[in-house]
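Reviewing the structure listed below.
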Amino acid sequence: QVQLVESGGGLVQAGGSLRLSCAASGRTSSSSGMGWFRQAPGKEREFVAAIRWSGGGTYYGDSAKGRFTISGDNAKNTVSLQMNSLKPEDTAVYYCAAKSGGYIYTRSSSYTYWGQGTQVTVSS
């Protein structure tokens, strides 16, 4: 089992920045990568960004490209999401997730473990 705890959410004005962090504990050696997803009320869960531990490759959803940056430390079992130029449409609950295998990083079904989520609200 892997436990994930997110932090760093909050309220920010449009154009501002937030940094989300996620700490993993438990059987973290089984993790091949971690990602961030978000879900707004009434909408499906959306892929935001992911990082692959092997080689450090990163992946971004269209809404995150150019504004968000994912980083991580496999040794410390942490992953962060730096979000800049935030827009009201970025408002959602952001979830950290860990995957244990496979090559698809953009689908929520590829992830085995999930955090409880942290709320991000961007005011206009």
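Listed values, structure above:
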{"item": "Some residue of the stretch 90-108 being acidic (Asp, Glu) and either in contact (Cβ under 8 Å) with a residue 12 or more places away in the chain or within 13 Å of residue 49 (Cβ to Cβ) (or both)", "result": "yes"}
{"item": "Criterion: in contact with a Leu (Cβ under 8 Å, 6 or more places away or on another chain), under 23 Å from residue 122 (Cβ atoms) and either small (Gly, Ala, Ser) or in contact (Cβ under 8 Å) with a residue 12 or more places away in the chain (or both) - qualifying residue of 7, 85", "result": "7"}
{"item": "Enumerated strands (runs of 3 or more DSSP E) restricted to the stretch 27-124, each holding at least 2 residues that are over 18 Å from residue 16 (Cα atoms) and open to solvent by less than 60 Å² (accessible area, probe 1.4 Å)", "result": "33-39, 46-52, 68-73, 78-83, 92-99"}
{"item": "Scan of the stretch 17-26 for residues that are within 13 Å of residue 115 (Cβ to Cβ) and open to solvent by 30 Å² or more (accessible area, probe 1.4 Å), ordered by number", "result": "21, 23, 25, 26"}
{"item": "Residue list for the stretch 1-16, restricted to those being open to solvent by less than 60 Å² (accessible area, probe 1.4 Å) and more than 10 Å from residue 117 (Cα to Cα)", "result": "2, 8, 10, 12, 14, 15, 16"}
{"item": "Residue identified as modelled with pLDDT under 95, out of contact with any Ser or Thr (no Cβ under 6 Å at 6 or more places or on another chain) and of a type in the set (A, V, I, L, M, F, W, C) among 97, 75", "result": "75"}
{"item": "Residues (in a loop (DSSP other than H, G, I, E, B) and in contact with a Gly (Cβ under 7 Å, 6 or more places away or on another chain)) located in the stretch 1-26", "result": "1"}
{"item": "Pairs with Cβ under 6 Å, 6+ apart, first in the stretch 58-70 and more than 10 Å from residue 83 (Cα to Cα), second in a strand (DSSP E or B) and open to solvent by less than 70 Å² (accessible area, probe 1.4 Å)", "result": "58/51; 58/70; 59/50; 60/49; 61/47; 61/48"}
{"item": "Residue within the stretch 48-55 that is polar (S, T, N, Q) and closer than 22 Å to residue 88 by Cα present", "result": "no"}
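The values are calculated or read from the model by the stated rules, or taken from the named source; none is laboratory data. All values derive from a computational prediction rather than experimental measurement. So basically every Cβ, Gly included, is an ideal-geometry build from the backbone, and we count neighbours across all protein chains shown. Heads up: the accessible areas ignore ligands, DNA and RNA and are worked out on the full protein's heavy atoms, side chains in. Shrake-Rupley method; radii C 1.70, N 1.55, O 1.52, S 1.80 Å.
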